[in-house]
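**Q** Okay, here's the structure, questions in a sec.
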Amino acid sequence: MMMEEELRKLMSMALDGHADSYHLFLQRASMPLRAYLRRRLNAIPDEVEDLLQETLLAIHAKRHTYRRDELLTPWLYAIARYKMIDFLRRRSQHEALNDPLDEETEWLEASEDAVSDSKKDLGKMLETLPENQRLSIQHTKLDGLSVAEAAAMTGMSVSAIKVGVHRGMKALAKMWKEQA
Amino acid sequence: MKTDELIKMLSTNVEPVPPYAAEKLLGRALAIGAAISLILLLAIYGLRPDLKEVSGTFAFWMKMGVPLANAALGLLFIMTLARPGKPLKMGYGVLVIPIAVLWIWAIVTWLTSDPALHAELLWGNTWRVCIMNIAFLALPVGAATFMALQNLAPTKPVLTGAIAGWLAGGVGASVYALHCPEMAAPFLAVWYVLGMLVPSAVMAYLGHRSLRW
């Protein structure tokens, strides 16, 4: 219950646009979510961090589907569960088409990575986006410039930057999912 | 990529979200879709000329009311299904109540009428076009709610698509009722229900194809 209260306070601040609260919210929320995924995917621990990051991307992309007056933890776990089921479905389709031995060696190699690291590289995916989306995200989400500063720097309008970030983040979430 | 880096990126310059964003999105989709459907009706089919005279009758209100009740129930379910982790307040059985009422009315009519009239009661004069017209008038609401749902997060895509189609079919049928001359309960119980099932089936498939996120 304490987790619910704390996360909910942070999330409602985040939905009002407080970046610090949102940062803290994502950090706090990722702990129980990681535990949730780890418990259920104990046969494939290397996939946990990938899936956690995909879940965080989905939480971000779908944060407008959380309503401030409702419980937050069921919403969080429902997203994690949906992402996990979707992942397992994709994986079983993938496995049916692939030699299981290859998969085995892939996992062995993958397990050398650090636990909090995902094999997927958002930076590389970012490079494939159209320039206006890439620059909008680069300046405002990675370099931490304000939207107005990014607009001044690129010569794009403020709303073009916002649209670029919005569309770009959606495209990244999609790419993330499709990169099996 | 490290999870901390991702979190940093997601939270930097985060945009605020207005309250009730999901409800507004779906509400707007329904309003726009229904308005377009009405415009299509007026432009292509026209209102039935005796609308004023029939508008007080029981049959007319059943004909309007059953599809509208379907649409209202569909909307309630969609609002819940579009957001993760939200338990349904009602069982799915509630969705068939308006249809059950319609069928009871149809069966009573059937049993209490002269068998010589049965064919007329069932087929009417327009059964050939009924399903197609309802499905066509359901299209605007179906497309608009589908686009809204793509921006939301249904965790049961097929079911959500099917009920969104049911909602669209309900709107399509009630709009079509303003033109359609048929008044017999057996006709409505068969052709209107089939007309509403078409968008539902199409959107269940579309849900499977492209409501996953």
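Every read-out reported here was derived from the displayed coordinates using simple, explicitly stated rules and does not represent laboratory data. These numbers were taken from a predicted model, which means no experiment stands behind them. Cβ atoms come from the backbone with ideal geometry, glycine included; neighbour counts cover every protein chain shown.
**Q** Most exposed first by the Cβ proxy, i.e. fewest other Cβ within 10 Å, how do B:Thr57, A:Thr154 rank? Don't skip to the end; give the middle numbers.
**A** Working: B:Thr57 11, A:Thr154 18.
If I rank by nearby Cβ atoms, fewest first, I get B:Thr57, A:Thr154.
**Q** With +1 assigned to the C-beta of every Lys and Arg and -1 to the C-beta of every Asp and Glu, and no other charges, what is the dipole magnitude of the stretch B:20-137 about the Cα centre in debye, to the nearest 20? Don't skip to the end; give the middle numbers.
**A** Numbers: 9 positive and 5 negative charges, 124 e Å.
About 600 debye.
**Q** Counting other C-beta atoms within 10 Å, which of B:Met147, B:Met64 has the fewest, and how do the rest follow? Don't skip to the answer; put the middle values down first.
**A** Working: B:Met147 13, B:Met64 16.
So the residues, fewest neighbours to most, are B:Met147, B:Met64.
**Q** Right, another one. Take the alpha carbon atoms of the stretch B:88-152, find their center, do the same for the stretch A:39-60, and report the distance between the two centers in whole angstrom.
**A** Between the Cα centres of the stretch B:88-152 and the stretch A:39-60 lies a distance of 44 Å.
**Q** Let me ask you something else. Using the Karplus curve 6.51 cos²θ - 1.76 cosθ + 1.60 with θ = phi - 60°, what ³J(HN,Hα) values do you get for each residue of the stretch B:182-188, in whole Hz, with x for Gly and Pro?
**A** Coupling constants for the stretch B:182-188: 6, 10, 7, 4, x, 4, 5 Hz.
**Q** Pulled fully out, how much extra length does the chain show between A:Gln179 and A:Ala43, if you take 0.36 nm times their separation in residues and subtract their Cα-Cα distance?
**A** Numbers: separation 136, 0.36 × 136 = 48.96 nm, distance 2.10 nm.
Fully extending the segment from A:Gln179 to A:Ala43 adds 46.9 nm.
**Q** While we're looking at this one, here's another question. So how far apart, in nm, are the two label points at A:His166 and A:Arg68 if each is 7 Å from Cα heading toward Cβ?
**A** 1.9 nm
**Q** Taking 25 Å as R0, compute the FRET efficiency from the Cβ-Cβ separation of B:Trp61 and B:Arg28 and round it to 0.05. Show your work: numbers first, answer last.
**A** Working: r = 28 Å, r/R0 = 1.12.
Once the sixth-power term is evaluated, E becomes 0.35.
**Q** Cα axis of helix B:58-81 to longest principal axis of chain B: angle in degrees, 0 to 90, nearest 10?
**A** Once rounded, the angle reads 10 degrees.
**Q** If you add up the charges near A:Lys62, with Lys and Arg at +1 and Asp and Glu at -1, over every other residue whose beta carbon is less than 11 angstrom from its beta carbon, what do you get?
**A** On the way: positive: A:Arg63, A:Lys83, A:Lys170, B:Arg83; negative: none.
With Lys, Arg at +1 and Asp, Glu at -1, the net is +4.
**Q** Also: May I ask for the net charge around A:Leu172, where only other residues with Cβ less than 12 Å from the Cβ of A:Leu172 are counted and Lys, Arg are +1 while Asp, Glu are -1?
**A** +4
**Q** OK, next. Explain nothing, just the number: relative contact order of chain B, from Cα pairs under 8 Å at least 6 residues apart, as a whole percent.
**A** On the way: 297 pairs, mean separation 66.5, N = 213.
Dividing the mean separation by the residue count of chain B yields 31 percent.
**Q** Let me ask something else about it. Might you report the magnitude of the Cβ-based charge dipole of the protein assembly as shown about its Cα centre, with Lys and Arg at +1 and Asp and Glu at -1, to the nearest 20 debye? Before the final figure, lay out each step's value.
**A** Working: 40 positive and 38 negative charges, 215 e Å.
Charge dipole, the protein assembly as shown, about its Cα centre: 1040 debye, nearest 20.
**Q** Ok, one more. Checking the a/c ratio against 1.5 first, then a/b against b/c, what shape does the Cα gyration tensor give for chain A? Kindly include the intermediate steps, with their values, before the conclusion.
**A** Working: a/c = 2.24, a/b = 1.28, b/c = 1.75.
Here chain A falls in the oblate category.
**Q** Hey, which of these cross-link pairs are over 23 Å Cα-Cα: B:Lys63/B:Lys156; A:Lys9/B:Lys8; A:Lys120/A:Lys141; A:Lys124/A:Lys162?
**A** Working: B:Lys63/B:Lys156 31 Å; A:Lys9/B:Lys8 19 Å; A:Lys120/A:Lys141 18 Å; A:Lys124/A:Lys162 21 Å.
Table pairs above 23 Å Cα-Cα are B:Lys63/B:Lys156.
**Q** Give or take rounding to whole Å, what are the principal axis extents of the alpha carbon atoms in the protein assembly as shown, in descending order?
**A** 81, 53, 41
**Q** Here's a follow-up. To the nearest 10 degrees, how steeply does helix A:48-61 sit against the main Cα axis of chain A, on a 0 to 90 scale?
**A** Computed tilt is about 30 degrees.
**Q** Using only Cα atoms, tell me the angle between helix B:157-176 and the longest principal axis of chain B; keep it within 0 to 90° and round to the nearest 10.
**A** 40 degrees
**Q** Multiplying the sequence separation of B:Leu111 and B:Leu47 by 0.36 nm and subtracting their Cα-Cα distance, what value in nm do you get?
**A** Working: separation 64, 0.36 × 64 = 23.04 nm, distance 3.13 nm.
Going from the current span to full extension adds 19.9 nm.
**Q** Only helical DSSP H runs with n ≥ 4 go in: add -39500 (n - 2.57) per run for chain B, normalise by residue count and round the 222 nm mean residue ellipticity to 500 deg cm²/dmol.
**A** On the way: 9 runs with 141 residues, N = 213.
Rounded to the nearest 500, it is -22000 deg cm²/dmol.
**Q** Using Cα springs under 10 Å in a Gaussian network model of chain B, which residue among B:Ser55, B:Ser174, B:Ser200 shows the largest mean-square fluctuation?
**A** Fluctuation is largest for B:Ser55.
**Q** Another question, if that's okay. Over the whole of B:76-85, what's the average partner chain Cβ count within 10 Å per residue? Rounded to a whole number, please. Walk me through the intermediate numbers first.
**A** Values: counts 0, 0, 0, 0, 0, 0, 2, 8, 14, 15.
Mean number of neighbouring Cβ atoms from other chains: 4.
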